[in-house]
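Below is one structure, written out as structure tokens, with a few remarks after it.
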Amino acid sequence: MTILPYAERRARLLAAIGDGIAVVPTAPERARNRDSHYPYRHDSYFYYLTGFTEPEAALVLVGGAQPQSLLFCRTKDPDKEIWDGYRYGPEAAREAFAMDAAFPIAVVDDKLAELLANRPALYYSFGHDAAWDERIIDALNRVRADARAGAHAPAEIRDVRALVDEMRLIKDAHEQDIMRRAAAIAAAAHRRAMGAAAPGRHEYEIEAELLHEFRRHGAQAPAYAPIVAGGANACILHYIDNNRALRDGDLLLIDAGCELDGYASDITRTFPVNGRFTPAQRDVYQIVLAAQAAAIAKVAPGNRWDEPHEAALRVLVQGMLDLKLLAGDVDGIIESGAYKRFYMHRTGHWLGMDVHDAGEYKLGDRWRPLQPGMTLTVEPGFYIRAADDLPRELWDIGIRIEDDALVTATGCEILTAAAPKEVAEIEAVMAERAVAR
Ligand code: GLY
Ligand code: MN
Ligand code: MN
């Protein structure tokens, strides 16, 4: 395991907090029912600073002349390890994760009261985890109760996320490498889905192909609930039932990405169930593809966050006019928002450990400029629900095309480029399917 990026990130955060103290707990385990739990997922902030994936842990950074990284974690427990598997224990964890010291999680309350005393500022994210909020308030009150002995509690409480979000926004080489691999696995999964789709198969069968491909390449989980939406279901933006049969002549929209070593990929592809676009489907598809190309051309350092969205929107609105879905002119339609009937979301989001990743989109009241190392999705869409005032051949066409982009020194790298998206490429991949099922 590479520990270097984590120690380096802690050093940067320590430098930013001065004489303050930062407390970053990991996520709690969550029960699904009785004694069954949801698969455990660490907290992204905690993981970013430690690389440690066990539950019941917290990182405490003590700033100042001699900055310290302290880890609190579960102790070794031979009985529990027989049931649940290996746990580091403080001693091995200190060594493996390059901490200055490590302690049993059971002593964290006492230690916190000790460590918070006489620190000018506490960096912590209140409102994120109620149980931890209570612990922190308790520790602060214990320091305050000691006032007559000369101890004072931090006068300032700041959100540690404000500092870490800015760090998380720029992906270092270690993160870029994992994200490239997460994207490649998801791209292979979409190609596999194209090879598996056929009239009569079910959305869940295609979902199973995606999950198979994620897992067989070592991705630990989907990064979010996969959307496998045939026909009209594609117009339901967060459709996750995935339980309908695929029909000849329909499109299939798949929005699915995997999580690999803590990092998400996020891809959408839309293709015909039977392998050939109808002329109407192709017309709408080409508009979305052109909108995506216009947006990707704007993903470059110095351009502001909303420039890709604005570029995609103009192409989509022109397409709505060309298809006679709307009347008027591009500027007027953007001004009035009439396009939202067919395009009701924005064109992307930051991507990283969280699929909708950390980081501000504006600096003050202006969209922030893109910088090398930022990663974002580019995902224009076009959704035409059945309605009597619209041409029947366009009914139930829902299309989104989504790629993951890494901003480089000169433009961007499309991490998900291996997922087919040109019409000819999709039709060729699908023509090679084994048709007999
Ligand atoms: N899959 C979530 C999104 O595209 O934002
Ligand atoms: Mn997305
Ligand atoms: Mn998506």
Next item on the list: Output the strands (runs of 3 or more DSSP E) that fall wholly within region 359-401 and possess 1 or more residues being in contact (Cβ under 8 Å) with a residue 24 or more places away in the chain and among the aromatic types (Phe, Trp, Tyr), or say none.
Entry: 381-384
Next item on the list: Answer yes if at least one residue in region 234-248 is more than 13 Å from ligand 3 (Cβ to nearest atom), touching a Phe, Trp or Tyr at 6+ places or on another chain (Cβ under 8 Å), at pLDDT 95 or above and hydrophobic (A, V, I, L, M, F, W, C), and no otherwise.
Entry: yes
Margin query: For region 222-238, give me each residue that is in a strand (DSSP E or B) and within 23 Å of Asp250 (Cβ to Cβ).
Written below: Ile227, Val228, Ala229, Gly230
Checklist line | Within region 244-274, tally of residues that are under 17 Å from the mean Cα position of the chain (by Cα), assigned to a strand (DSSP E or B) and within 13 Å of ligand 2 (Cβ to nearest atom) | finding: 6
Notebook entry, point to check: Quick one: in region 334-358, which of the residues that are surrounded by 15 or more Cβ atoms within 10 Å (Cβ to Cβ) and touching a residue at least 60 places away in the same chain (Cβ under 8 Å) is nearest to ligand 1 (Cβ to nearest atom)?
Noted result: Val355
Check: Of all the residues that make up region 310-348, how many are within 27 Å of Ala386 (Cβ to Cβ) and in a helix (DSSP H, G or I)?
Finding: 20
Next item on the list: Filter region 108-119 down to residues that are loosely packed, with under 15 Cβ neighbours inside 10 Å and under 22 Å from Leu14 (Cβ atoms), then give me how many there are.
Entry: 2
Check: Which of the following residues is away from ligand 2 (no atom under 15 Å from the Cβ) and either in a helix (DSSP H, G or I) or within 30 Å of Thr26 (Cβ to Cβ) (or both): Ile287, Ile296?
Finding: Ile287
Notebook entry, point to check: Looking only at region 251-273, which residues are buried (at least 24 other Cβ atoms within 10 Å of the Cβ), more than 16 Å from Pro199 (Cβ to Cβ) and away from ligand 3 (no atom under 15 Å from the Cβ)?
Noted result: Leu260
Item checked: Exclusive hit being more than 19 Å from the chain's Cα centre (by Cα), surrounded by fewer than 18 Cβ atoms within 10 Å (Cβ to Cβ) and of a type outside the set (Val, Ile, Thr), set Ala208, Ala197 -> Ala208
Next item on the list: Being closer than 27 Å to Ala162 by Cβ, in contact with a strand residue (DSSP E or B) (Cβ under 6 Å, 6 or more places away or on another chain) and among the acidic types (Asp, Glu) narrows it down to one of Asp19, Asp100, Asp43, so name that one.
Entry: Asp100
Next item on the list: Taking the residues in region 250-278 that are farther than 15 Å from Asp404 by Cβ and of a type in the set (Asp, Glu) as candidates, determine which candidate is farthest from ligand 1 (Cβ to nearest atom).
Entry: Asp250
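Residue-wise test of (1) within 24 Å of Arg192 (Cα to Cα); (2) within 14 Å of ligand 3 (Cβ to nearest atom).
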residue: Lys362; (1), (2): no, no
residue: Gln371; (1), (2): no, no
residue: Arg385; (1), (2): no, no
residue: Asp388; (1), (2): no, no
residue: Asp404; (1), (2): yes, yes
residue: Leu415; (1), (2): yes, yes
residue: Val423; (1), (2): yes, no
residue: Ala428; (1), (2): yes, no
Note to self: Yes or no: region 212-221 includes at least one residue that is part of a helix (DSSP H, G or I) and more than 24 Å from the chain's Cα centre (by Cα).
What the structure shows: no
Next item on the list: Scan region 335-346 and give yes if some residue there is more than 16 Å from Gly381 (Cα to Cα), out of contact with any Phe, Trp or Tyr (no Cβ under 8 Å at 6 or more places or on another chain) and more than 16 Å from ligand 3 (Cβ to nearest atom), otherwise no.
Entry: yes
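The values are calculated or read from the model by the stated rules, or taken from the named source; none is laboratory data. Fair warning: this is a prediction, and the values are worked out from it, not measured in the lab. Backbone-built Cβ (ideal geometry, glycine too); neighbour counts: all protein chains shown.
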